[in-house]
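Structure first, commentary second.
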Amino acid sequence: MERLKYHDILYNDDPIGPYPSHLLKRVDRPTNLVPGPIERRAARDSVFWKSLLGEYGEEMQREFKRLTVRYPMGASLVDLQWHINRLHKVSGHLSGALGDVAAASALNPVAPKKAPIPDDPRVMSRHLKLMGYFLGAEMIGIGRLPRSAVFTRDGKNNPVEAPFKYAIVFTVRKYDPVIRASNGWDRIFDSASFQAYQRIAMQTEVVANYLRRLGWEAETSNMDAYITLMPQLVLEAGLGEVSRMGIILNPFMGANFKAAAVLTNMELEVDGYLDFGLQEYCGNCTICAEQCPARAIPRGKQTLHNGYYTWKLNAERCNEFMILNKEGCVCGRCTKTCPWHRPNTEPHDLAGWDGSIEALHRSVDEQRDRLIANDFVDPDELTQKWWFDLDEVDGELIVPNEKNEEKICREYPLQ
Ligand code: SF4
Ligand code: SF4
């Protein structure tokens, strides 16, 4: 038998990572048109920061501050988040809401001397991706960091600079059994997001820390301390295409994932944009727009927005529904009911896939037909709900009984 070389995996062409991303079609430019220029934005212009700062009124401000912590599972996740936030230079929006978390970035300064490791972008890209998979990431892509993706200012109006060349973008899937057992806007939905945010924050913090120990500058953009616009980075890193929901959709996970990034100047190999036919698919489908309780997703064609074509989400409506949702915590009905969020897409289910876009679309069509036949409610899945409906009101936990879904649906006309 031929003797295998130690470290071969870093030098050969073997696929890496749990998903068959090596079979996906790569293209030179995003599949949605980007005539540019794309202007940088300030984090505090986001609907979340505007809610926190009271720009949508007292009720929205009060409910935003209580959003995650009024549900005890969400509050437990936020308690852990405080510890992770201490690693950041920039304190995040929830930290800002709950009190100030002092910056403590000096925990891991950049080593004064670079480590004796290969000076080869491809090898180091494979090495860092394999480390990310070791830490539990689902799909990792590498893209250039466009300056337009870096916020000009954080939520506290501090200037943001991220003088880095590359973004290593990590994704983790939101825990699918709870997404399937949820109606898409009940109490588990926010906790499912935070569970994913924390896993991905752990992964990206460890990799950034590791890079600094190797002698390269590295910064994270994660959880509630994002310093970059993540949809743009997910697109740049070849992890998905623009969808009707206005966010990036991945061919294997649908939109049921969270993303975070490690920013660095270490020379790396970029992956290229993805093309799995989503522009045409979303052009012929309006399920998310019809299932959205806030009617925030447009049913028409893409429009030009800040230098690129997209289906522009009405972020104010979506945000208002999420924050004032008394029947649950936030919302993700669109990502749950999108037929790209289909069963049997765990890595082991995809072992026989040959890279055919037609086969991908056929499986999405089957899920679409199943959803429509069941009126978007799978009775088997809804019996799997294991969490309690609890809400904190005036310091006490109560079983909430207010149903507001009908009212909210009636208030918003279809777009
Ligand atoms: S539900 Fe349909 S239109 Fe909406 S993102 Fe999914 S495939 Fe695209
Ligand atoms: S767009 Fe917002 S409100 Fe509408 S389904 Fe998606 S998360 Fe819910």
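The values are calculated or read from the model by the stated rules, or taken from the named source; none is laboratory data. Since we're looking at a predicted model, the values are computed, not measured. Please note: Cβ atoms are built from the backbone with ideal geometry, for glycine as well, and neighbour counts cover all protein chains shown. The protein model used for the area step is the full one, side chains on, heavy atoms only, and it has no ligands, DNA or RNA in it. Shrake-Rupley method; radii C 1.70, N 1.55, O 1.52, S 1.80 Å.
Brief remarks follow.
- The set of residues in segment 21-73 being within 30 Å of TRP353 (Cβ to Cβ) and outside any loop (DSSP other than H, G, I, E, B) consists of SER21, HIS22, LEU23, ARG26, VAL27.
- Scanning segment 277-300 for residues that are under 21 Å from ASP375 (Cβ atoms), near ligand 1 (Cβ under 9 Å from one of its atoms) and of a type in the set (Gly, Ala, Ser) gives a single hit, ALA289.
- Qualifying positions in segment 307-335 - hydroxyl-bearing (Ser, Thr, Tyr) and within 14 Å of ligand 2 (Cβ to nearest atom): THR310, THR335
- Output for segment 193-209, where each listed residue is open to solvent by less than 10 Å² (accessible area, probe 1.4 Å) and either free of Cβ contacts under 8 Å to residues at least 40 places away in the same chain or β-branched (Val, Ile, Thr) (or both): ILE200, THR204, VAL207
- Put simply, of LEU211, LEU263, LEU268, LEU235 the only residue that is over 17 Å from the mean Cα position of the chain (by Cα), at negative phi, at pLDDT 95 or above and not in a loop (DSSP other than H, G, I, E, B) is LEU211.
- Number of positions in segment 288-306 that are open to solvent by 10 Å² or more (accessible area, probe 1.4 Å) and either more than 15 Å from ligand 2 (Cβ to nearest atom) or in contact with a Pro (Cβ under 8 Å, 6 or more places away or on another chain) (or both): 8
- Pick from segment 10-24, criterion farther than 19 Å from ALA351 by Cβ and of a type outside the set (Ser, Thr, Tyr), ranking: surrounded by the most Cβ atoms within 10 Å (Cβ to Cβ): LEU10
- Residue count for segment 136-192 satisfying the condition of being open to solvent by 10 Å² or more (accessible area, probe 1.4 Å) and among the aromatic types (Phe, Trp, Tyr): 4.
- Yes/no for CYS285 being over 17 Å from the mean Cα position of the chain (by Cα), within 15 Å of ligand 2 (Cβ to nearest atom) and buried (at least 24 other Cβ atoms within 10 Å of the Cβ): no
- In segment 315-354, residue surrounded by the most Cβ atoms within 10 Å (Cβ to Cβ) [restricted to those that are of a type in the set (A, V, I, L, M) and over 16 Å from LYS65 (Cα atoms)]: LEU350
- Lone qualifier among LEU313, LEU263, LEU274 - being within 14 Å of ligand 1 (Cβ to nearest atom) and not acidic (Asp, Glu): LEU313
- Residues being open to solvent by 70 Å² or more (accessible area, probe 1.4 Å) and among the aromatic types (Phe, Trp, Tyr) - total across segment 355-390: 2
- For ALA255, the conditions (1) more than 15 Å from ligand 1 (Cβ to nearest atom); (2) of a type in the set (A, V, I, L, M); (3) buried (at least 19 other Cβ atoms within 10 Å of the Cβ) are fulfilled apart from (1).
- Residue selection: VAL47 satisfies the criterion of being modelled with pLDDT of 95 or more, buried (at least 17 other Cβ atoms within 10 Å of the Cβ) and of a type in the set (Val, Ile, Thr).
- Counted residues, segment 271-302 - those being in a loop (DSSP other than H, G, I, E, B) and more than 30 Å from ARG122 (Cβ to Cβ): 14
- Qualifying residue in segment 137-148 (condition: in a helix (DSSP H, G or I), at pLDDT 95 or above and either hydrophobic (A, V, I, L, M, F, W, C) or away from ligand 1 (no atom under 16 Å from the Cβ) (or both)): yes
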